[in-house]
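To start, the structure under review is shown below, and the notes come after it.
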Amino acid sequence: MLKTVKFGGSSLADAAQFRKCAKIIHSDASRRYVVVSAPGKRSWNDIKITDLLYRCCDAAQNDLDFSDSFRLVRERYCEIVRELGLELDLTAKLDHIEKKLRNKVDRDYAGSRGEYLSAMVMAAYLDWPLIDSEDYILFREDGSFDAEATQEKLSFILQDTPCAVFPGFYGGLPDGRVHTFSRGGSDISGAIVARASASDLYENWTDVSGLLSCDPRIVDNPAPIDVISYAELRELAYMGASVLHESAIFPVKAAGIPVNIRNTNDPDAPGTMIQTNPKERHGRTITGIAGRGCYTSIMIEKDQMNEEVGFAMRVLQVLARHNIIVEHIPTGIDIMSVIVPSDQLAPMRDEVMAELWAETRADSIKINDNMALLTVVGQGMKNQLGAAGRVFGALGHAGINVNMIDQGSDELNLIIGIDAEDLNPAIRALYHEFFG
């Protein structure tokens, strides 16, 4: 058994959390590759290390003094090292980082240093080698991740490295500069290391005991999800309902490596297991419910639209020219709707509308800015007669009007368009229908 483990920022917020992580690692000899984030918040009013580094970088770019902010970074790491009893002097490294910041280094380098310093501390505490991700997680010149080049180079070095610590969140560009993933990207780094090491399991340690069936800010104490498929997770994560970066599933999914979401502060809890085809299911029709607002519906109406070749293509080309993502395309005989993110449409709304009128010569074009998308996810739906009826029955009893319905051909999920103000009541209604 071989495991790659990743610890998030809350798991590394201070020396006590570092000790918890080390105890978890030492409690299982199969945990041999460790990926770390930058220290997170110690309390609700604390500041994450990465945010402090970005603050320093932005100040330097504007010729402002950032001494106080960097002093907090310096004190935080020195405190962790001191309380862990390490003979590790980070002074030279911190001085070098501060000098680079004063020379107006880019945000990618600045943001990556939290993970780099965390990895130095963890490697010293475990007495394990440190492998700098800058040299082995590779990006192309355009900033896109080069999965195969990374796999080749990283798997080669790991053949002769029985255990190691990696900084998460970043890698290197061909010209030697540091490049980061999007925020939360240490999850991706962990998945990359899991694939390259051919791990049997990727454990992602955070501050919650796995995934929940819906947002706990909307429903009190929602049921935990004990096992979920990659496909189900992808659907829920797309609506923002995940403690795992949504891009982190691709490296491990391709390699068939399951992911276990665990809680650093409750290591005995089993958490959530993510697998390609889970054999042990929770027995429920629905796995999870999620949703988010801030969508706009553009409804285009034109007589005999269905007989006009290329009509839909022209609509989509207009949106593509403005780099606007199309979420869904519900259609009728003479009506075509496109659902787009409101924030993407807003800055160029007038131009898009003018082009749509010109390209389609529609009879009418109507816009609804007050839309939310609600997704109900569960592989059990395809084998459960009346599942969709229960969904719409629950919404009807709650007095919620449905504006759009879209169901994938695999029957894995049901996506429903509703008014934005109905989103939270809809989630509560569906939760009580399916989870009790």
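The values are calculated or read from the model by the stated rules, or taken from the named source; none is laboratory data. Please read all numbers here as calculations on a predicted model, not as lab measurements. Positions of Cβ are backbone-derived with ideal geometry, glycine not excepted, and every protein chain shown enters the neighbour counts. Side chains included, ligands, DNA and RNA excluded: accessible areas come from the protein's heavy atoms. Shrake-Rupley method; radii C 1.70, N 1.55, O 1.52, S 1.80 Å.
Below is a table of values for the structure above.
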{"read-out": "For the chain, built as a Gaussian network whose Cα springs stay under 10 Å, the top-fluctuating residue of Leu52, Leu412, Leu72", "value": "Leu72"}
{"read-out": "Neighbourhood charge, 13 Å Cβ-Cβ cut-off, centred on Val402 and excluding it, Lys, Arg +1 and Asp, Glu -1", "value": "-3"}
{"read-out": "Accessible area of region 127-177 belonging to carbon and sulfur atoms, whole % at 1.4 Å probe", "value": "49 percent"}
{"read-out": "Using alpha-carbon coordinates, inclination of helix 107-126 to the longest axis of the chain, degrees", "value": "50 degrees"}
{"read-out": "Inter-part distance where region 306-384 and region 387-409 are each reduced to a Cα centre, Å", "value": "21 Å"}
{"read-out": "Solvent-accessible surface (1.4 angstrom probe) belonging to Ile131, in square angstrom, nearest 10", "value": "20 Å²"}
{"read-out": "Estimated translational D of region 159-259 in µm²/s (Stokes, Kirkwood radius over Cα pairs; 25 °C; 0.890 mPa s)", "value": "163 µm²/s"}
{"read-out": "Accessible area of region 52-141 divided out per residue, in Å², using a probe of 1.4 angstrom", "value": "49 Å²"}
{"read-out": "Environment charge at Val5 (Cβ cut-off 11 Å; Lys +1, Arg +1, Asp -1, Glu -1)", "value": "+3"}
{"read-out": "Nearest 10 degrees, 0 to 90: helix 147-158 Cα axis against the chain principal axis", "value": "30 degrees"}
{"read-out": "Cleavage-rule hits, GluC sites (Glu not before Pro), region 199-287, DSSP coil, Cβ neighbours within 10 Å at most 11", "value": "Glu280"}
{"read-out": "Angstrom value of the Kirkwood radius, inverse mean 1/r, which spans all Cα pairs in region 203-259", "value": "12.1 Å"}
{"read-out": "Top of Ala241, Ala358, Ala198 by mean-square fluctuation, Gaussian network on the chain, Cα under 10 Å", "value": "Ala358"}
{"read-out": "Label-point gap, in nm, between Ser144 and Asn103 - each point 7 angstrom along Cα→Cβ", "value": "3.2 nm"}
{"read-out": "Percentage relative contact order, the chain, counting C-alpha pairs under 8 Å, at least six apart", "value": "13 percent"}
{"read-out": "Listed pairs Lys279/Lys382; Lys302/Lys366; Lys23/Lys153; Lys6/Lys48; Lys6/Lys253; Lys6/Lys104 exceeding 20 Å between Cα atoms", "value": "Lys23/Lys153; Lys6/Lys104"}
{"read-out": "Apportionment of accessible area to carbon and sulfur, region 213-329, percent (1.4 Å)", "value": "49 percent"}
{"read-out": "GluC sites (Glu not before Pro) restricted to DSSP loop in region 138-183 with at most 16 other C-beta within 10 Å", "value": "Glu141"}
